[in-house]
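The values are calculated or read from the model by the stated rules, or taken from the named source; none is laboratory data. Just so it is clear, the structure is predicted and the values come from calculations on it, not from any experiment. Here the Cβ is made from the backbone with ideal geometry for all residues, glycine too, and neighbour counts use every protein chain on show.
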Amino acid sequence: MPKLTIKHRIVVTLFEIDGLNHEQIAEVVGCSVGTVRSRLHYAK
């Protein structure tokens, strides 16, 4: 199984563990909401 990049890991951690929503994650990591959704989808 391939490992996730740090960018994907951060988004998954913020969503699953910290409970942030997509908009909050986008603000924290400095990317668009669409990118957050894409990274979450890829990671799953």
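Within the chain, considering only helices (runs of 4 or more DSSP H) that don't extend past its boundaries, which have at least 2 residues that are in contact with a strand residue (DSSP E or B) (Cβ under 7 Å, 6 or more places away or on another chain) and surrounded by 13 or more Cβ atoms within 10 Å (Cβ to Cβ)?
Passing ranges: none, list empty.
Would a scan of segment 18-36 turn up a residue that is touching a His at 6+ places or on another chain (Cβ under 7 Å), at pLDDT 95 or above and not aromatic (F, W, Y)?
Here is the first cut: in segment 18-36, the residues touching a His at 6+ places or on another chain (Cβ under 7 Å) are 33, 36.
Still in the list and also at pLDDT 95 or above: 33, 36.
Now restrict to residues that are not aromatic (F, W, Y): 33, 36.
Among the residues of segment 18-36, at least one is touching a His at 6+ places or on another chain (Cβ under 7 Å), at pLDDT 95 or above and not aromatic (F, W, Y), which makes the answer yes.
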